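**Q** Below: one structure in structure tokens.
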Amino acid sequence: MVEFQPQIVVFACNWCSYAGADLAGSSRMQYAPTTRVIRVMCSGRVTVGFILDTFRRGADGVLVTGCHPGDCHYISGNENAVVTVRKTVRLLQLLGLEVERLRLEWISAAEGARFARLMTEFTGQVRDLGPSLLGNGAEREA
Amino acid sequence: MIDTPRVGLFVCHCGSNIAGPVDVESVADYGLTLPGVVFVQRNLYSCSDAGLREIKEAIADQRLDRVVVAACTPRTHEPLFQDACREADLNPYLLEFVNIRDQCSWVHMREPEAATRKAQDLVRMGVAKARLLEPLEEQQVPVEPAALVIGGGMIGMTAALNLANRGFAVMLVEREAELGGMMLRLHTLYPTADDPRKVVQERIAEVQRHDGIEVCTSTVVSSVKGFVGNYEVTIEEMGPGQSNALETGDDSHPSVDAPTPRFATAGVIIVATGAQVLEPEGMYGYDGRRVITQLELEERLRTDQLDAGRVVMIQCVGARSAERPYCSRICCTTAIKNALEINDRCSGVEVYILYRDAETQGPRYEAIYGQAREAGVHFIRYDLGRPPEVTEERVLVYDEMLGATLSIPCDMVVLSTPLVAPSGARELAQMLKVPVDEYGFFLEAHVKLRPLDFATEGIYVAGTARWPSHLEETIVQAYGAAARASTILSKEHVTSSGIVARVNGHLCRGCGRCVEICEFGAPTLEEASSGMKGAHVNAVMCKGCGTCAAICPTGAMQACHFTDAQVAAMVRAALEPSVASLASGNPS
């Protein structure tokens, strides 16, 4: 049987996390090829709607990433991301989706290694959960 | 408004950087099957003159109205391709950049099939967004032709003088009571044996003589707002005795002389806050008397207080260890310089240098290493696993070459400790909204392509604030940062990004949540002629984070270039069945 390859969407802020992802690349750190990054200017741009839509379209996991507290390029956008993810977690519970499919992580521009580690670690976490209730994974697993 | 988008896709090989792991031909072929894509081209290097010319020609010949470049990272190369669009009369915001190198080929080097599939997915996502891109207008903002230089050491002063000599007003802020920084504490410079105090005093005099430089000592920067061309800075002069409280963050004893805030505007900011030497508390019996740091030795040499018959220097103290893995770069040369100085001045004094690797790169520095060997300085190599041991009267060290432990009687032990980020660096970084690395050193936008810039436009870095460096290197950086800064200051206007928030007046009901959440005062509520309140965005003040768009309950507020529809299109494209599984019927 082919191992289940989860589909994971990562929202990354332009200034910290996306830069961290680039640093993982220029340092040639290898990680799981299961993630697709969507760049936004700030993690504060991510809405409950974005995350729910991503699950509805079949993602097995969503990772929202931003600057560490205090480091936000826009001062407090990442605080809004905290509120957004908290709200969404409650909605996932109502939908019967495992809350472990959604994570919020802070990754600075200097943390290439952390970005790479989180991609692989989160992939493992979502793989252990199996395909999402709403996902395309059932066919992929067959 | 454009009806059916005509997307041109350009897939960069980046030599073999992308084309090695990723099958770029199949990415390009796949791209041509995507809706909206009318033209696909592969470039060996899209960013080369030839690559850019091909893109511009294709925009004209193929009547492209959207461009997707699948290459390295927008963080370094997007402006270049935006310029190419501009030159081909295409609005630069009709470009979408797809990262298939830093976030694909480089991180999946051993999985070529998965890397190719991911590159195809990323291209599909980019094209999906590109089809919905809209032309955006940029704003012209006047530039304040003045610079703020933070740090009044050799580097800050050099950058300040350089800018002032170009005719720009400079405010030079130093938190200590006098200019000069670390140089004031050194005894000699290598490789020239110049007197650092003389060198720095001359520079201080030049700075003080210059009409274009305002020197603010005992002063700290307490807040920074604004953007390139128009930074609004608050500085506070500290009363006597406040400097230390500020450094330790101890505000439990408020001084009688409350700081006097002052406001200034600056088009650019240069960070030259330097570094400090690690205090080796608790290491090798450090006591500041018999066991001292290399910097304390410099002070003793300067004041002629050297009373020792045998000196042992230990290198890499607190450096190149698990806790602090980096090499501080200056310590080997400094130790050798001081060993030679002791050798020259005090006949009969023996100097031992216990080292792990002698890092004296470059012909001039390697030469003084050779000189020290010839002069009879003893070099003994030790291993991190078996560090030397300092006792009351001697130093014990296991010599790797001899395979035996040596016992060296000595009167003085000198510890070479690394440069570390100065206190307050993280706070300053947060104020400026620029990053520091895990050790607290300021992190440039790109180590090779933009080594003196921050990702934030109009803020630059030079000197040991960035990384331990030799004086000659940091002086070069000071000139470099000043030159970079003058590319902004020499213009009358800068262009602010078109990526801002925009209100759809039909949907706005004037709740004002955008006004509450914005840190920059960009949205305001204004009354229309109908008497209804509605949000308006000042495009110059807006920084484009999109948080207001996230919080808007009606969807009236949109973040241009990252609209709800554009993000949704990317999400949809990301989760479509991938091409490989479609083509082969083989599940991934």
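The values are calculated or read from the model by the stated rules, or taken from the named source; none is laboratory data. In this text, all values refer to a predicted model and were calculated from it rather than measured experimentally. Please note: Cβ atoms are built from the backbone with ideal geometry, for glycine as well, and neighbour counts cover all protein chains shown. Remember, those area values only see protein heavy atoms, side chains included, never the ligands or the DNA or RNA. Shrake-Rupley method; radii C 1.70, N 1.55, O 1.52, S 1.80 Å.
**Q** Please find, among B:MET109, B:MET183, B:MET171, the residue that is touching a residue at least 24 places away in the same chain (Cβ under 8 Å), in contact with a Pro (Cβ under 6 Å, 6 or more places away or on another chain) and within 25 Å of B:THR273 (Cβ to Cβ).
**A** Values: B:MET109 fails: within 25 Å of B:THR273 (Cβ to Cβ); B:MET171 fails: in contact with a Pro (Cβ under 6 Å, 6 or more places away or on another chain).
Criteria check complete, one pass: B:MET183.
**Q** Right, another one. Could you please let me know if B:ARG75 is open to solvent by 50 Å² or more (accessible area, probe 1.4 Å) and under 30 Å from the mean Cα position of the chain (by Cα)? Talk me through it step by step, then tell me what you get.
**A** Numbers: open to solvent by 50 Å² or more (accessible area, probe 1.4 Å): yes; under 30 Å from the mean Cα position of the chain (by Cα): yes.
When the stated conditions are applied, B:ARG75 passes them.
**Q** Another one. Within the bounds of the range A:66-77, is there any residue that is among the hydrophobic types (A, V, I, L, M, F, W, C), under 21 Å from B:LEU443 (Cα atoms), part of a loop (DSSP other than H, G, I, E, B) and more than 8 Å from every other protein chain (Cβ to nearest Cβ)?
**A** We begin by selecting, within the range A:66-77, every residue among the hydrophobic types (A, V, I, L, M, F, W, C); these are A:67, A:72, A:75.
Adding the requirement that they be under 21 Å from B:LEU443 (Cα atoms) leaves A:67, A:72, A:75.
From what's left, part of a loop (DSSP other than H, G, I, E, B): A:67, A:72, A:75.
With more than 8 Å from every other protein chain (Cβ to nearest Cβ) added as a condition, the list becomes A:67.
Within the range A:66-77, one or more residues are among the hydrophobic types (A, V, I, L, M, F, W, C), under 21 Å from B:LEU443 (Cα atoms), part of a loop (DSSP other than H, G, I, E, B) and more than 8 Å from every other protein chain (Cβ to nearest Cβ).
**Q** Considering each of A:LEU92, A:LEU63, A:LEU133 in turn, give the residue that is surrounded by fewer than 22 Cβ atoms within 10 Å (Cβ to Cβ), touching a strand residue (DSSP E or B) at 6+ places or on another chain (Cβ under 9 Å) and either acidic (Asp, Glu) or more than 12 Å from chain B (Cβ to nearest Cβ) (or both). Full working, then the answer.
**A** Values: A:LEU63 fails: surrounded by fewer than 22 Cβ atoms within 10 Å (Cβ to Cβ); A:LEU133 fails: touching a strand residue (DSSP E or B) at 6+ places or on another chain (Cβ under 9 Å).
When all the criteria are applied, what remains is A:LEU92.
**Q** Would you pick out the residues in the range B:398-419 that are assigned to a strand (DSSP E or B) and open to solvent by 20 Å² or more (accessible area, probe 1.4 Å)? So that I can check it myself, show each step before the final result.
**A** First, pick out the residues of the range B:398-419 that are assigned to a strand (DSSP E or B): B:398-399, B:404-409, B:412-415, B:419.
Answer for the range B:398-419, where residues must be assigned to a strand (DSSP E or B) and open to solvent by 20 Å² or more (accessible area, probe 1.4 Å): B:TYR398, B:ALA404, B:THR405, B:LEU406, B:SER407, B:PRO409.
**Q** Moving on. I'd like to know if the range A:98-119 contains one or more residues that are over 30 Å from B:VAL447 (Cβ atoms), more than 14 Å from chain B (Cβ to nearest Cβ) and more than 14 Å from the chain's Cα centre (by Cα).
**A** Within the range A:98-119 (the criterion being over 30 Å from B:VAL447 (Cβ atoms), more than 14 Å from chain B (Cβ to nearest Cβ) and more than 14 Å from the chain's Cα centre (by Cα)), the answer is yes, since at least one residue qualifies.
**Q** If you go through the range B:533-547 one residue at a time, how many are open to solvent by less than 40 Å² (accessible area, probe 1.4 Å) and at the interface with chain A (Cβ under 9 Å from one of its Cβ atoms)?
**A** 4
**Q** So how many residues does the range A:34-58 have that are open to solvent by 10 Å² or more (accessible area, probe 1.4 Å) and not in a loop (DSSP other than H, G, I, E, B)?
**A** Residues in the range A:34-58 being open to solvent by 10 Å² or more (accessible area, probe 1.4 Å) and not in a loop (DSSP other than H, G, I, E, B): 9 in total.
**Q** Condition first: open to solvent by less than 10 Å² (accessible area, probe 1.4 Å) and among the aliphatic types (A, V, I, L, M). Now tell me which residues in the range A:66-89 satisfy that.
**A** Listed by number, the list holds a single entry, A:ALA81.
**Q** With the structure loaded, tell me whether B:GLY498 is in contact with a helix residue (DSSP H, G or I) (Cβ under 6 Å, 6 or more places away or on another chain), in a loop (DSSP other than H, G, I, E, B) and farther than 19 Å from A:GLU79 by Cβ or whether it fails that test.
**A** yes
**Q** As an exercise: evaluate B:GLU96 against (1) away from chain A (no Cβ under 14 Å); (2) open to solvent by less than 30 Å² (accessible area, probe 1.4 Å) and give the number of the one condition it does not meet.
**A** (1)
**Q** Of the numbered conditions (1) modelled with pLDDT of 95 or more; (2) within 30 Å of B:ALA367 (Cβ to Cβ); (3) exposed (fewer than 14 other Cβ atoms within 10 Å of the Cβ), B:ASP287 satisfies every one except a single condition; which is it?
**A** (2)
**Q** Moving on. Checking the condition more than 14 Å from every other protein chain (Cβ to nearest Cβ), open to solvent by less than 60 Å² (accessible area, probe 1.4 Å) and at pLDDT 95 or above, which residue from B:SER490, B:SER486 passes?
**A** Details: B:SER490 fails: open to solvent by less than 60 Å² (accessible area, probe 1.4 Å).
One residue alone meets the criteria, B:SER486.
**Q** Name, by its number, the condition in (1) open to solvent by 40 Å² or more (accessible area, probe 1.4 Å); (2) in contact (Cβ under 8 Å) with a residue 12 or more places away in the chain that does not hold for B:ARG373.
**A** In the conditions (1) open to solvent by 40 Å² or more (accessible area, probe 1.4 Å); (2) in contact (Cβ under 8 Å) with a residue 12 or more places away in the chain, B:ARG373 misses (2) alone.
**Q** How many residues are surrounded by 20 or more Cβ atoms within 10 Å (Cβ to Cβ) and assigned to a loop (DSSP other than H, G, I, E, B) if we restrict to the range B:434-444? It would help to see each step written out before you state the result.
**A** So the first thing to find is which residues in the range B:434-444 are surrounded by 20 or more Cβ atoms within 10 Å (Cβ to Cβ), and the list is B:434-436, B:441-444.
Applying the additional criterion that residues be assigned to a loop (DSSP other than H, G, I, E, B) yields B:434-435, B:441, B:443-444.
Final tally of qualifying residues: 5.
**Q** OK, next. Go through the range A:29-45 and give me each residue that's of a type in the set (Gly, Ala, Ser) and at the interface with chain B (Cβ under 7 Å from one of its Cβ atoms).
**A** Let us first name the residues in the range A:29-45 that are of a type in the set (Gly, Ala, Ser), namely A:32, A:43-44.
If the condition is that a residue be of a type in the set (Gly, Ala, Ser) and at the interface with chain B (Cβ under 7 Å from one of its Cβ atoms), then A:GLY44 is the only one that fits.
**Q** Now, a different point. So for the range B:48-59 (the condition being assigned to a helix (DSSP H, G or I), more than 30 Å from B:GLN139 (Cα to Cα) and open to solvent by 50 Å² or more (accessible area, probe 1.4 Å)), does at least one residue qualify?
**A** Within the range B:48-59, the first condition is being assigned to a helix (DSSP H, G or I), and the residues that meet it are B:49-59.
Within this subset, residues satisfying the condition of being more than 30 Å from B:GLN139 (Cα to Cα) are B:50.
Of the ones still in play, those that are also open to solvent by 50 Å² or more (accessible area, probe 1.4 Å) are none.
Among the residues of the range B:48-59, not one is assigned to a helix (DSSP H, G or I), more than 30 Å from B:GLN139 (Cα to Cα) and open to solvent by 50 Å² or more (accessible area, probe 1.4 Å), which makes the answer no.
**Q** Of the residues that make up the range B:385-392, is at least one surrounded by 11 or more Cβ atoms within 10 Å (Cβ to Cβ) and in a helix (DSSP H, G or I)?
**A** No, that holds for no residue.
Here's the yes/no breakdown for (1) over 30 Å from B:VAL228 (Cα atoms); (2) at pLDDT below 95; (3) within 14 Å of chain A (Cβ to nearest Cβ):
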residue	(1), (2), (3)
B:ALA339	yes, no, no
B:ILE353	yes, no, no
B:VAL390	yes, no, no
B:THR405	yes, no, no
B:VAL420	no, no, no
B:GLN430	no, yes, yes
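Listed here are the residues, each with its yes/no results for (1) within 10 Å of chain A (Cβ to nearest Cβ); (2) modelled with pLDDT under 95; (3) assigned to a strand (DSSP E or B).
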residue	(1), (2), (3)
B:GLY505	no, yes, no
B:GLU519	yes, yes, no
B:GLU526	no, yes, yes
B:GLY531	no, yes, no
B:THR554	no, no, no
B:ALA565	no, no, no
B:PRO577	yes, yes, no
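**Q** Now for a different question. Within the range A:15-33, track down each residue that is surrounded by 23 or more Cβ atoms within 10 Å (Cβ to Cβ) and either in contact with a Leu (Cβ under 6 Å, 6 or more places away or on another chain) or assigned to a loop (DSSP other than H, G, I, E, B) (or both).
**A** A:TRP15, A:CYS16, listed by residue number.
**Q** Which of the residues spanning the range B:445-490 are of a type in the set (A, V, I, L, M), closer than 22 Å to B:LEU428 by Cβ and not in a helix (DSSP H, G or I)?
**A** B:ALA445, B:VAL447, B:LEU452, B:ALA455, B:ILE459, B:VAL461, B:ALA462
**Q** If A:GLN7 satisfies every condition in (1) more than 8 Å from chain B (Cβ to nearest Cβ); (2) closer than 20 Å to A:ASP128 by Cα but one, which is the exception?
**A** (1)
**Q** Please go through the range B:108-156 and give me each residue that is assigned to a helix (DSSP H, G or I), touching a helix residue (DSSP H, G or I) at 6+ places or on another chain (Cβ under 6 Å) and away from chain A (no Cβ under 14 Å), ordered by number.
**A** B:MET154, B:ILE155
Let's see how each residue does on (1) over 31 Å from the mean Cα position of the chain (by Cα); (2) of a type outside the set (A, V, I, L, M):
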position: B:ALA522; (1), (2): no, no
position: B:LEU525; (1), (2): yes, no
position: B:CYS545; (1), (2): no, yes
position: B:CYS552; (1), (2): yes, yes
position: B:MET557; (1), (2): yes, no
